[in-house]
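Accompanying notes for the structure given below.
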Amino acid sequence: MEISRRHTSAQVIKDLEGCGFHDIEKHTLWEVRQIHTSKEKLLADIRARLGRSILHALEDDELEKLVLYIDDCITEERDIVEMDRWTVWKAVKKRS
């Protein structure tokens, strides 16, 4: 679902070139979305579907399966840093 909402990098580059841009660079940035001080706080946020629109597409039982899976995957008690990935393209416009 998430992938279908976004253009591929190849498509973005093709469109930029089609609009007269060159020297195209792709950069990936990571933004700290939230730091959870415990696994329980992360799981509570997921259960509440906070800040994650894709979680609203899940039925309640599907969401609970996801929570149980994440609960099993996180084995050590420590801060959990939740990050969002952003892609930025930089390009130069050809002069007319």
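The values are calculated or read from the model by the stated rules, or taken from the named source; none is laboratory data. Predicted, not measured: the structure shown is a model, and the values here were computed from it. So basically every Cβ, Gly included, is an ideal-geometry build from the backbone, and we count neighbours across all protein chains shown. Side chains are part of the model used for accessible areas, which takes the heavy atoms of the whole protein and leaves out ligands, DNA and RNA. Shrake-Rupley method; radii C 1.70, N 1.55, O 1.52, S 1.80 Å.
The table that follows gives values for the structure above.
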quantity	calculated
Subset of the stretch 57-96 (residues that are aromatic (F, W, Y) and assigned to a strand (DSSP E or B))	W86, W89
Within the stretch 56-96, tally of residues that are within 20 Å of V32 (Cβ to Cβ), β-branched (V, I, T) and surrounded by fewer than 11 Cβ atoms within 10 Å (Cβ to Cβ)	1
Complete set of residues in the stretch 22-40 that are closer than 26 Å to W86 by Cβ and part of a helix (DSSP H, G or I)	K39
Residue pairs meeting the criteria (Cβ under 8 Å; at least 6 apart or on separate chains; first more than 18 Å from L42 (Cβ to Cβ), in the stretch 55-67; second not in a helix (DSSP H, G or I))	A57/M1
Qualifying position, being of a type outside the set (D, E), part of a helix (DSSP H, G or I), over 18 Å from K93 (Cα atoms) and open to solvent by less than 70 Å² (accessible area, probe 1.4 Å), among L16, L43	L43
